[in-house]
Amino acid sequence: MKYYGYSGLLCDVIVEAGGVQFYTHRQALWDLSIYFRVLTSRWSRPDQVVYTIPGVAPNIMRSIIQYAYSKRIRITRRNVQDLLVAADYLFVNDIVHLCKRFLEKRLCPQNCRDVRTLASTHCWPDLHHQASLMMECSLPYQLGVSAPSAYFQRQAILLGVGCYSSGRRRQTPYTRPTERNSTRTRNRA
């Protein structure tokens, strides 16, 4: 089916985005998202062939239609935001999920504010929460000041990282024996 979609053979639908026309199959679009199913069956005349999608760039629409046939998509830092917004608009949940995973994996102090704004605008609470945590953790570094050690101890407790326990000595492989332990060892020998 991949061959027919790219060559334009036996296509029964033309999707237009940004003045560019894409010849495709109605069934491929129906399998892709509920938006296309409703667009081609309920929101149009029975003899309509050309469907215009407003607000979606041609390169983004090309990627989405190629995904309908191959179930593969190339997500980059340059196209992730436009692709995510268009996929969310068109109810292509698989692409939305892939884009969110892409952003989660590349979330860092430099982009956490932009990702948080994007997640807040489009009501994606899980991505918003992760970006907010990243902003909170990176705030001292962004301000150029050192954070108090209590902040890091709180973060260590939240993340499950080992922390100091009161009244006990921390045991590490590199701890030197105390004076009491070293005299016991000498007396045994």
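The values are calculated or read from the model by the stated rules, or taken from the named source; none is laboratory data. Everything numeric in this text was worked out from a predicted model, so none of it was measured. Ideal geometry is used to build each Cβ from the backbone, glycine not excepted, and the neighbour counts take in all protein chains shown.
Miscellaneous remarks
- Pairs linking a residue in segment 122-134 that is outside the structural domain of Gln81 (by TED's automatic domain parsing) and closer than 18 Å to Phe91 by Cβ to a residue that is modelled with pLDDT of 90 or more and not hydrophobic (A, V, I, L, M, F, W, C), with Cβ atoms under 6 Å and 6 or more positions apart or on different chains, are His122/Asp88; Leu127/Lys100.
- In segment 107-120, the residues that are more than 15 Å from Asp82 (Cα to Cα) and loosely packed, with under 13 Cβ neighbours inside 10 Å: Cys108, Gln110
- Flag for Asp47 being charged (D, E, K, R) and touching a helix residue (DSSP H, G or I) at 6+ places or on another chain (Cβ under 9 Å): no
- Check on Gln142, assigned to a helix (DSSP H, G or I), of a type in the set (S, T, N, Q) and at pLDDT below 90: yes
- Scanning segment 84-106 for residues that are surrounded by 15 or more Cβ atoms within 10 Å (Cβ to Cβ) and without any contact (Cβ under 8 Å) to a residue 24 or more places away in the chain, we see that the one that is farthest from Ser33 (Cα to Cα) is Val96.
- Scan of segment 62-120 for residues that are among the small types (Gly, Ala, Ser) and under 22 Å from Tyr51 (Cβ atoms), ordered by number: Ser63, Ala68, Ser70, Ala86, Ala87
- Listed by position, the helices (runs of 4 or more DSSP H) enclosed by segment 1-94 that each have at least 1 residues that are over 28 Å from the mean Cα position of the chain (by Cα), outside the structural domain of Asp114 (by TED's automatic domain parsing) and small (Gly, Ala, Ser) are 2-7, 34-41.
- Only one of Met61, Met1 that is buried (at least 18 other Cβ atoms within 10 Å of the Cβ), more than 30 Å from Leu133 (Cα to Cα) and either at pLDDT 95 or above or not acidic (Asp, Glu) (or both): Met61
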